[in-house]
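Below: one structure, written as structure tokens.
The values are calculated or read from the model by the stated rules, or taken from the named source; none is laboratory data. As the structure is a prediction and not an experimental result, all values here were calculated from the model. Backbone-built Cβ (ideal geometry, glycine too); neighbour counts: all protein chains shown. With ligands, DNA and RNA removed, areas are computed over all heavy atoms of the protein, side chains included. Shrake-Rupley method; radii C 1.70, N 1.55, O 1.52, S 1.80 Å.
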Amino acid sequence: MESELWKTIKNYPAYKVSNYGRVRRVLGHRGKKPVGVMKTSEQGCGYLQVNLYDNGKPRRFTVHSLVAAAFIGEKIEGFEINHIDGNKK
């Protein structure tokens, strides 16, 4: 089994995403400790999502798009991220 690798999320240096699809906060915020692996929620269509904060403002991302951006590169317009095994999670 492949070991879990973590990469910093572009434009969100307080967060990292893993090749296993987990997201964690690695830098404390407002004097708080890092939270470790974050909870995700499911969109109505089955994709997992997570809120990342920048200067106290939340922005929602799908986890699969964060993984793809970190490990493959930015998505090219008109292309889609393919879940080869069909599992959106």
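Taking a straight Cα-Cα cut-off under 23 Å and skipping sequence neighbours fewer than 8 places away in the same chain, the lysines within cross-link reach of K75 are K7, K10, K16, K88, K89. Judged by the mean number of other Cβ atoms found within 10 Å, the most tightly packed of the peptides 82-89, 63-70, 46-53 leads the ranking 63-70, 46-53, 82-89. Per residue, region 1-66 exposes 69 Å² of solvent-accessible protein surface, assessed with a 1.4 angstrom probe and all protein chains in place. When you filter the GluC sites (Glu not before Pro) in region 20-89 for DSSP loop state and at most 16 other Cβ atoms inside 10 Å of their Cβ, you are left with E74, E77, E80.
Surface composition of the chain: carbon and sulfur atoms hold 50% of the protein heavy-atom accessible area at a 1.4 Å probe.
Qualifying trypsin sites (Lys or Arg not before Pro) in region 6-46, where qualification requires a DSSP coil assignment and no more than 13 other C-beta atoms within 10 Å, comprise K10, R30, K32, K39.
Of F61, F79, the residue with the largest accessible area leads and the full order is F79, F61 (1.4 Å probe).
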